[in-house]
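Here's the structure, in structure tokens; my notes come after.
The values are calculated or read from the model by the stated rules, or taken from the named source; none is laboratory data. Note that the structure is predicted; figures quoted are calculated from it, not measured. All Cβ positions, even for glycine, are placed from backbone atoms using ideal geometry, and neighbour counts span all protein chains on display.
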Amino acid sequence: MARIGVDVGGTNTDLVLETAAGVFYHKVPTTLKNQSIGVVEGVQRICEMAGIPASEVETIVHGTTTATNITIENNGSDCGMITSEGFRDILHIGRHKRPHNFSLHFDVPWQSRPLVKRRNRIAVAERIVPPTGEIATPLDEQAVRAACALFRRRGIDSVVIGFMFAFLNDAHERRAREIVQEEMPGAYVTLASEVANVMREYERFSTAAMNSYVGPKTAFYLRDLEARLREAGVQSRLRIIQSNGGVSTVGACARRPVRILMSGPAGGVIGGASEGEMAGTGNIITVDIGGTSADISTIPGHQIKMMNPRDTFVSGHPVLTPMIDLVTIGAGGGSVAHIDAAGGFHVGPRSAGSEPGPACYGRGGTEPTVTDAQIVLGRLDPDMALGGDLALDAGLARRAVEEKIARPLGLTVTEAALGIIRIINSSMALAIRSNSVARGIDPRQFSIMPFGGAGPLHGVALAEAVSARDVLVPVAPGITAAVGLLKTDLQYEHTEAVIIELAGAGPAALARINGAAGALREKVARELDGDGIPREAQRIEILAECRYHGQGFELRAAMPDGPVTAANVAAIAESFHDRHHQDYGYSYRDAPVELITLRAIGTAAARRIAIPAIPATDGSSPDRALLFVRPTTFDDGRTLETPRYDRAKLLAGDVVPGPAILVQHDATTLVPPGYLAETLAHGNTRIRRAGQDQ
Amino acid sequence: MNAITDTAPEVDPVTLQVIRGSFETIAEEMGHVLYRMSFSSIIRESQDLGAGLFDAQFNTLCESESTPMHIGSIPGYLRGIAETLEDGEWYEGDVVVHNHPYHGASHTPDLAIVVPVFHEGRLVGFAGNTAHHVDIGAATPGLIIDVPDVYAEGMLLAGVKLYRKGRPNTAMWTFIRRNSRAGAQLVSDLEAQVASARLGAKRFAELIGTYGEDVVFGAARQLMDYSERMTRQRIAEIPDGEYAAEGWLDDDGRNRGRQLKVKVTVRVAGDEVEVDLAGSAEQTPTAYNVPFEGSTKVAAYAAFRKLLLDAATSEARVPSNEGSFRPIRVSAPLGSIFNPRSPASAEARFTQCNRMIDLIIRALAPVLPETVIAGSSASISFAAYSGLRPSGAYWVFLEVNEGAYGGRPRSDGPDSIDNLMANTRNNPLEDLAMHIPMICDRYELRDDMPPGAGRYRGGIGVVKSQRVLTDAFITHESERHTEAPWGIFGGHEGAVGKCLVYNAARPEEVTEMPSKFSGLEVKAGDVMAYYSPNGGGYGDPLERPEMTVLEDVLDGFCTVGHARAAYGVVVDLDTETVDMGATNALRDRMRDAR
């Protein structure tokens, strides 16, 4: 039996295959037009490499940017929306805040690129009133039918249904769906109360509209991929990684594609977390550095953190869906260095992309990038990129740095290249701080885990900048994200708005909490049932999202085991006070605490990929892995003769002192002077300051 | 004294960027903690706040990107605190609260909390923030317009220490709690401000610890010089000369029908510019005046930042600090609406600021045609709803309603969005109705009047109808019921705003309200429907592509009749097409008729 992880990125599709015979890695170019072509080819090829028939593959876990790309390229479905009379323009007005304070020529994405055009937003009479959710005006069913007729005439087949206060009572939304299904059989329908059953109309409607916008195309992609795999003789189960890091089925993701908008970067975070487990290091900060951007996530105590749902945006639209807490910044190998009109020295966020790419690619790029600076400094060997498959031109890199940076600033080329690296490292360090220090997390207790092919070139500098403990380099930095796909669990989440002041909760309120918790528990259990997970293997956690009465932002508090009773209800408030203090440095112990939303998270452990151990060193010199020695410039400005080692030939327990560079097919690791790189049991590497305790 | 002197060492460009990034991260973190912790919706949902770090000479080192009216205002507070500080000096562990409009404050509801930052026993700077509070015990709940003087604005706090050497001034906290209709919210939100300011002070001290005082303040000085250089370069691109524009405000909130003039003269000389407000109305006898230091100057600076350093079109982002203000001089005669004499009240100051910015843009239109935009709503709708709960306690709700932009040289004016100096977030209608005895009946683009037609049309204002479920009071601060936003370069003018009050059971019995009114008593079931002004158009409407007009008609941004009358485009709504033959003929006739 075998399993495959497939991670589709902007440039490459990375695959990892795990069988009894071992673990295999493969990389193919991403087929941008339809990612499934490359995926199927890659799956066939990696099976050949492993010498197994495709029919032996039991599960394929897939990370995809299909849904994200629809939002970036703005080519989703023409959607219709049925909403409450008087509130046709909630999606047009948004939160009425501009993207910039100081601008007259700003763009407003939700107006210039609406998820649902105004002509297709049809308001119908109906009214549900707070705080009870009682129906004040019944649904005008004729108006719903008339809207359907208009949608049919306009060729629309994706419909959003979102009514005011439906988080209190979804009867009208459900009835409207029945009518739409009668009138428009086969239409793709999203109920706002189903995708995000929480208060705040704009965010809820936006989430539903995003679901309908990316829905038909994403569903088509997933089903098409499944069919192509079948045609190719691959009978395996296809699972998709969601933004929250859990995997789900094709069917569930086709219905709720809004949950896979961050499928792309999620695999990297999971991969990083499991590399941390493998190394026995609980606290890590993952830095996944690509060509144009870097994804950074802080993982304390092996626990991947989730974003506060109030902070989750995709392409300028709020999307209330669980997402791994990560920050993405425009800093990568292709980030362009430039000097502005007033002499300011910047690196990124603009990227040279893959066309023209960095100057050293020789494809006509003349602007210096981070990759060019690495070459100037001798940290990347132009003849060794992708094992020598990609020839780079050091002369072009040098010229770009000299003409665009060194001369205007009156620096030497080496100084300019060092400046580029320092600025990009500083941007990444600030993003690391915003995702760690800014939340009260002390990086001195954390290891930096850099990956992506160029990631390990930055690892030590980042660790120094944020005072991290040390650096952990994964076994295969170029495909850590793909490996992560084989380390994820099934995961489903559901929420329900349950607005109750905890201190005053009487028997009826407690019954409401317990009833809602029970219903949520059952909902996620049924989804796990559907995946064939026996009940005893299901793990279901209920969280209470609370705030002080009158606040606007919820934090997650723990629920007691078993039913909530008059005796233990105060424990929820206590947990909330603690969390508030931890997050903001202050808590209002005497203020009443209000429960807003109950959230159920159901998981089932998948079998984890086992990365084989490598042989231990026999005490011989690591020089068995020595390739050659070349000059390399380090951050302190010194240029030293620096040996290159073939990372694949290092054995567990080998310690390579800096200055050194560890080279492998798709990644380069920089070990500055004063640091030691120790090869760990699985071929992973820990880099620490010489003399520092392990 | 800190190290901002001309002899400070030059900080290298890389360290400079690192420190700049640290400053910005600290300011954002301060703002983030403040709005997430706070209780009143004007802070937590609207984010009507500002936060930042300052040096010992009150220069801004960094500020959060929250709402523009707060950005650049805190130095005024710091100067006012210096004039009034209890004990006459700062101690470690002090926390000061300040809101006095004749001692630098922006206006009284915006309370500042300031914490001193010490390094090696010396005062080196400040961490501070401002936030708009729901109620500080003024003459009417929430907002005021028709009041006699500044003493009717509620608590006037100047250099008051809420903590001295780390110990709370409990008498002052009790006083504040007792003198507000929303005392619990006010105190909790002040606690959130204190947490935010202390966090900023801690981060500031850490930064100095990491890089050293010389480097941090040297970097700050260089960043100010950088902002100044950027601003001067842009000013120098404007031809030298004197450019003027004027407009009329509706009234002062008491003397109906008596319009108030706003006159703006912009003098450009080399790389410096002066904004002269001479010729504007005398100060008013109501609260409708603008504190000069904390608001007039701040708004004038903001106008040039929008015009010259547009964040959306500039490749380099200019740091938020004093440097960009240095080449700009602002003057307004003492005793005028933009520079009132004490004890005139000066709480309701927003719409005058917004109109001033609108007029600066208009004045520069002849020389910056590709930069300016047509007339915007340049107003605000700031509504205070209040009433009593069965317990006898007050409920008070402040709401900021949006406006619309004028058409622009390359794009339509954005619709229903906070305008110019305003940039808050709206309060979710569902959140509101769960906590306050009010419900919203309508929140949509207004469709009773079209926006200004043009090659690029003006933005469409909002209509918001809020119904109270108990007897209540409403105070409303708004503008532009009488002078519509102008069109420019052939664009048509937009539409004035309006405000209607009626009972939901008798919607035909409508009272049309003036733009400003104070303490209006309303009954349960009464509705206030606010319509914000529509923006003016930019350029000739006959040059707007036919298909764009068709899209507008399909989306209901424009009627078939308006498409024909203003744009000369003949739309067939049944087939959703343009009759090109009829359109060309009509457009020719319209051109000939000019």
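Give the residue, chosen from A:643, A:615, A:657, that is over 32 Å from the mean Cα position of the chain (by Cα) and under 30 Å from residue A:58 (Cα atoms).
None of the others qualify; the one that does is A:615.
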(message) I'd like to check which strands (runs of 3 or more DSSP E) are fully inside the range A:244-320 and have at least 1 residues that are modelled with pLDDT of 90 or more.
(response) A:284-289, A:294-299
(message) Condition first: of a type in the set (Asp, Glu) and in a strand (DSSP E or B). Now tell me which residues in the range A:636-690 satisfy that.
(response) A:641, A:646, A:678
(request) Would you be able to say whether some residue in the range B:245-264 is among the aromatic types (Phe, Trp, Tyr) and surrounded by fewer than 20 Cβ atoms within 10 Å (Cβ to Cβ)? (result) yes
(request) Those residues that are in contact with a Ser or Thr (Cβ under 8 Å, 6 or more places away or on another chain) and under 26 Å from residue B:456 (Cβ atoms), I need them from the range B:370-399; list them, please. (result) B:377, B:378, B:379, B:380, B:381
(request) Determine, yes or no, whether residue A:238 is surrounded by fewer than 24 Cβ atoms within 10 Å (Cβ to Cβ), over 29 Å from residue A:327 (Cβ atoms) and within 22 Å of the chain's Cα centre (by Cα). (result) yes
(message) Need the failing condition index for residue B:411 against (1) more than 21 Å from residue B:71 (Cα to Cα); (2) surrounded by 24 or more Cβ atoms within 10 Å (Cβ to Cβ), just the number.
(response) (2)
(request) Tell me which residues, restricted to the range B:24-62, are farther than 30 Å from residue A:594 by Cβ and either part of a loop (DSSP other than H, G, I, E, B) or facing chain A (nearest Cβ under 10 Å) (or both). (result) B:24, B:25, B:26, B:56, B:57, B:58, B:59
(request) Name the one entry in B:387, B:375, B:406 that is farther than 26 Å from residue A:106 by Cβ and of a type in the set (Gly, Ala, Ser). (result) B:387
(request) Could you check residue A:58 against (1) in contact (Cβ under 8 Å) with a residue 40 or more places away in the chain; (2) among the charged types (D, E, K, R); (3) within 14 Å of chain B (Cβ to nearest Cβ) and say which number it fails? (result) (3)
(request) Quick one: count up the residues across the range A:115-143 that are part of a loop (DSSP other than H, G, I, E, B), buried (at least 20 other Cβ atoms within 10 Å of the Cβ) and either not charged (D, E, K, R) or not assigned by TED's automatic domain parsing to the domain that holds residue A:87 (or both). (result) 4
(request) Identify, from the list A:623, A:635, A:654, the residue that is surrounded by fewer than 20 Cβ atoms within 10 Å (Cβ to Cβ), without any contact (Cβ under 8 Å) to a residue 40 or more places away in the chain and over 30 Å from residue A:571 (Cα atoms). (result) A:623
(message) So, in the range B:65-91, exactly how many residues are assigned to a loop (DSSP other than H, G, I, E, B) and either of a type in the set (Asp, Glu) or closer than 26 Å to residue B:378 by Cα (or both)?
(response) 10
(request) Go through the range A:60-104 and count every residue that is under 30 Å from residue A:39 (Cα atoms) and among the acidic types (Asp, Glu). (result) 2
(message) Every residue in the range A:135-171 that is under 22 Å from residue A:119 (Cα atoms) and of a type outside the set (A, V, I, L, M, F, W, C), please.
(response) A:140, A:141, A:142, A:145, A:152, A:153, A:154, A:155, A:157, A:158, A:162
(message) As an exercise: evaluate residue A:342 against (1) more than 21 Å from residue A:634 (Cβ to Cβ); (2) away from chain B (no Cβ under 14 Å); (3) aliphatic (A, V, I, L, M) and give the number of the one condition it does not meet.
(response) (2)
(request) Could you pull out every one of the strands (runs of 3 or more DSSP E) wholly within the range A:443-543 that has 1 or more residues that are assigned by TED's automatic domain parsing to the domain that holds residue A:557, in contact (Cβ under 8 Å) with a residue 24 or more places away in the chain and under 30 Å from residue A:424 (Cα atoms)? (result) none
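Could you list, in sequence order, the residues of the range B:362-396 that are among the aliphatic types (A, V, I, L, M) and in contact with a Lys or Arg (Cβ under 8 Å, 6 or more places away or on another chain)?
B:372, B:373, B:374, B:378, B:396
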(message) Checking the condition without any contact (Cβ under 8 Å) to a residue 40 or more places away in the chain, surrounded by fewer than 16 Cβ atoms within 10 Å (Cβ to Cβ) and in contact with an Asp or Glu (Cβ under 9 Å, 6 or more places away or on another chain), which residue from B:560, B:571 passes?
(response) B:560
(message) Restricting to the range A:3-49, give me the number of residues that are over 23 Å from residue A:269 (Cα atoms), in contact with an Asp or Glu (Cβ under 9 Å, 6 or more places away or on another chain) and among the aliphatic types (A, V, I, L, M).
(response) 1
(message) Restricting to the range A:524-550, give me the number of residues that are touching a helix residue (DSSP H, G or I) at 6+ places or on another chain (Cβ under 7 Å) and surrounded by fewer than 19 Cβ atoms within 10 Å (Cβ to Cβ).
(response) 2
(message) Anything in the range A:48-99 that is touching a helix residue (DSSP H, G or I) at 6+ places or on another chain (Cβ under 8 Å) and either small (Gly, Ala, Ser) or at positive phi (or both)? List them, or say none.
(response) A:54, A:63, A:67, A:76, A:77, A:80, A:94
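When the residues of the range A:214-225 are filtered to those that are of a type outside the set (A, V, I, L, M, F, W, C) and farther than 11 Å from residue A:39 by Cβ, which remaining residue is surrounded by the most Cβ atoms within 10 Å (Cβ to Cβ)?
So, considering only residues that are of a type outside the set (A, V, I, L, M, F, W, C) and farther than 11 Å from residue A:39 by Cβ, the one surrounded by the most Cβ atoms within 10 Å (Cβ to Cβ) is A:218.
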(request) Out of A:572, A:596, report the one residue that is touching a Cys at 6+ places or on another chain (Cβ under 8 Å) and away from chain B (no Cβ under 14 Å). (result) A:572
(request) Take the range B:177-230 and flag every residue that is crowded, with 22+ Cβ neighbours inside 10 Å and not in a helix (DSSP H, G or I). (result) B:180, B:182
(message) So, residue A:565, is that one out of contact with any helix residue (DSSP H, G or I) (no Cβ under 6 Å at 6 or more places or on another chain), assigned to a strand (DSSP E or B) and not charged (D, E, K, R) or not?
(response) no
(message) Looking at the structure I just gave you, is residue B:46 in the same structural domain as residue B:198 (by TED's automatic domain parsing), at pLDDT below 95 and in contact with a helix residue (DSSP H, G or I) (Cβ under 6 Å, 6 or more places away or on another chain)?
(response) no
(request) Take residue A:164 and decide whether it is more than 17 Å from residue A:123 (Cβ to Cβ), touching a residue at least 60 places away in the same chain (Cβ under 8 Å), within 14 Å of chain B (Cβ to nearest Cβ) and touching an Asp or Glu at 6+ places or on another chain (Cβ under 7 Å). (result) no
